[in-house]
Structure formats: C-alpha cells, structure tokens
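The values are calculated or read from the model by the stated rules, or taken from the named source; none is laboratory data. Note that the structure is a prediction, hence the values are computed from the model and not measured. Heads up, the Cβs are rebuilt from the backbone with ideal geometry, glycines too, and the neighbour counts pull from every protein chain shown. Protein only, heavy atoms only, side chains kept; ligands, DNA and RNA dropped before computing areas. Shrake-Rupley method; radii C 1.70, N 1.55, O 1.52, S 1.80 Å.
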Amino acid sequence: RPPEDEEEEAEVGWQEKLFSQFEVDLYLNESACQTPLDWQYHEEIRKLEKAGGRKNCRIFTYTDHDRFTNLEELCQKVTDSDQEVPSYLVERMANVRRRRQDRRPVEASSLKSKIITWEPSEDFIKNNHVINTPVQTMYIMGDLGPYGKLGHREYENVLCTIKVDGNGVITVKPDFTGSKGPYRIELDGEKREVWEYTIENASCQVQPEEEEREQRVFRDLYGRHRDYLSGLVGTDFEMPLPGTLRLFVNGEIVSAQGYEYDNLYVHFFLELPDQWSSSPFQQLSGVTQTCATKTVGWDNVAYFCYPFTVEMFYTQEDEDSLPQWPVLYFEVLSLDFWQRYRVEGYGSLVLPASPGVHMLTIPTWRPVELGTVAEMRRFFIGGSPELEDLTYIRIPSAFKGKRLSRFGFRTETTGSVTFRLYCLQQSKAFLEKSALRQRMQSVLDRLGGFSQQSSVYNVLEAFQRARRRMQEARESLPQDLINTSASSM
C-alpha cells in the first residue's frame, strides 16, 4: 500500500463531529434514521458527499450526544476479568460521586454517634444525597481496519478521551504526548499490526496579558477561599500549660489469635501513673464485642477491629523526675453456648513514647492449677483461676515494697493480642526549638518530645542504679577507712 495512506493527521475541535465510514454508510440510509440527531447527521453527510466526501479517513470522533458516548461509555469494567459483565449498578454509578458529609467534630470523635438516621431531616438529605456531576464527553477514535476495508465496528479503537465537568475541569486521557514517545496500539489480528499515534495541544497560546489577568483572578479567588476556611477554623487553639504534655491516642484492638476456645472478647482498662490525669468524662476502660474465630494458617484468629480513644495530660512537678507512661491492662475471655466464660489470657501494654503509628502484638498468659481436676472443671464448668487485681500482671498498684516475688505462681502461655495505636503529642516544649539548641532545660525538654525517650530513659535509669549501688557500697565500708581516704585526699 502507498506510504501516504498509512499516515493521517487531523485537527479536532471541542465537540467537533468527524464521521467514520461506518456512520456514513449508516446515516445515508433513511430507514436507519430514527431520532432528530440521526436526521441531522443524515443531512450533514449528504452535504459532505456533494462537497466531495469527508476529508478524514481513519480518525473520527464521537461527541457528547452520540450513541457510543451515552451508552457504551458506561459499560466499564471494575476488575480485570475477561468474563466480567457490568451490572446495572455499575452502569448507574459510573459517573456518580458522593458528596462530602459535613459532620461535626463531636460526632466524629464520639463512639456513640448514630450509624443509621431513621428520621432524616430535609437538610440531612440535601447534604448527604448522591449527586451526579454534569460531565461532557468526547472521544477521538481510530478506524484501524485493514487497508481498503474501513467501516467495521470491531476495528474501532479509542485514541483519546476528553471530559469537561461542571466545575470546568478538563480531563484528557491519555495525556498529550509532548517529549514522550508515541502511544502504541497492537491489534489482535493475524498480522498483529502495530499503530503509533501522538496527541498534541493545537489550541492557540494565551496572551501574556490575559494569562496574568487570569492568575490575578485565581489568586483573588483562592485568597477569599482561604480566608473563609480560616474563619471557620478560627485561631483559638487550646495550648497546654508550660511543663504539661497532652497525649492523645486513637487505638484499635485489631485481633486475638492462638487461644484455646472460641467466641472471644477483650476487657481492658488504662492505669494512669502519678502526675498523669484525664478529664472526668474520659472513659479509661472498655469491653469489645464477642467475636467468633476463623482459621488463618495454623491459628484461630478473632478480628475485633474495636476502636477506642483516650486523652491524657502529664504535668511535670519535679525537673529531675522521670515520667512513667500509662499502662494498658487487658484480659481475654471466651464465652460458650451455655454462657460460661473462661479466662484465656492476661497481658499489659505500655503506651508508646514516640508519636506516630504503632502496630504491637502482645503475648498473654493465664494462671493454672496442678492436676486434672482443675482442667476438667475448666472444660465442663468453665471456672478457672483469675486475678483479683489486674495490675498484678506487672507491678500491683498496692505494692509498696522493694522486691516483688512471684515464686510458686504457676502460669501457662496462651495466645496474643494485636493493637494498632495512633499517638499524638502536644506540648509547648516542642515549639521552643531554638532554646533547646542553646541550653538543656527540664527533663521534659531534654527528652525532645519523647521521640527518643526510651533510650534516654534507659541511660538515666542505669545511671541512677549505679549511683545507688555506689552509695550502698560506701555505706557498707568501715568508717575509719572512709575517714583515712578522705584525710589523705
């Protein structure tokens, strides 16, 4: 075939109609014309035939009112399966977006917010309904059939899709070629022909004066929108007092795995050490729902996905004191068909000292008794040894001695619980970065926002232990030896 028949270049305007050979053969037949648009195309094609025929050969377009744009563009696949047939819902929701809901911060942070609104008001329906954004679409097509056999629908391929929504946003897919190489289309026929094409922006360039005027309009619009958003947010932010740290934790009990019985639930509570406090309305304990397990690999896993939120305040009283972090105590229990519960495991979790996202898996244990009678009682009746005080998992809150002995206390390792914690910290010490570079202030400032608290805390604790040992060793020495060494020095 001649080389000039292999190349074609066309300049297409917005919603400009270029007929394909298939459309020419279709609309020339008066019996195929049914709608007013079909009769309009029939007249346009007759005029083109009298003027010498269409100038385009392989490149043609589908405008916003064509059958292809209104019917076939909605038949988009959701997956990459070849056997997928778009459902009625997919066709109806193809170009639909959901309006962002204007929820109050109180409702978003509360765990007791309504999930279902049984009696919605008119404003609620207006702000939460599904809307359809007006979109105008245009397709630039290519007839890639064999030479001399144009007009077959199976050889039509989409070269470019142009969409303009009601907000004035123009979407071109694929993008303009520019410095990139041409796009390639490989056919599935016997010869497996490869076609290459480029897309260039042929619009007239904007004059510098018009572009500058447009930029001024945009800056003015964005400035007013920024002022509007600033007015909604405000400037009155509650800052903690100097020497006070605010710790905000969005937590989630993700799963529990590796336990003996089914239908698990978790009971947890948070213990605040000295110098820590919380608001009177803050709930520091909770119970998850009862969750059945499923087999994942070798373990039986119960997925809770139970969220909880806590907010605490640390007030520094002594500059030399080291802050003790809050501890989350929890116990895992199981519930059977006869409403008998069994303790499956105890565990504790020290809240992370650094802000950010933390994924933690905590192993658990449970107390056991020797002999088969205890195991039979646990199996048939459901009773098992329990802890009266859950703080016995670490150091009991009522313990005041120097040494805690657990000799003779028999336990058994059970499963584990997975937590996901999102920790946020707020303190005025974080804002004083320049002062932190010049001088070392209090312990709260030296920790640098607690990002490296674990290492600093370990070093300071080791130093205090060494200092105590040195003092004890000095007190155990004879007084005459101490006096002799002091006089010689």
> Could the peptides 289-299, 418-428 be put in order, highest first, of the mean number of other beta-carbon atoms found within 10 Å of their residues?
Replying inline: 418-428, 289-299
> Among Lys17/Lys50; Lys126/Lys163; Lys17/Lys149, which pairs are too far apart, with a Cα-Cα distance over 25 Å?
Replying inline: Lys126/Lys163
>> Could you work out the relative contact order of segment 164-250? I mean the mean sequence separation of Cα pairs under 8 Å and 6+ apart, divided by the number of residues, in percent.
In response: 16
> Roughly speaking, to the nearest percent, how much of segment 343-434's 1.4 Å accessible area is carbon and sulfur?
Replying inline: 57
> For the peptides 31-44, 384-397, 250-263, what is the packing order when you average, over each peptide's residues, the other Cβ atoms within 10 Å and list the highest mean first?
Replying inline: 250-263, 384-397, 31-44
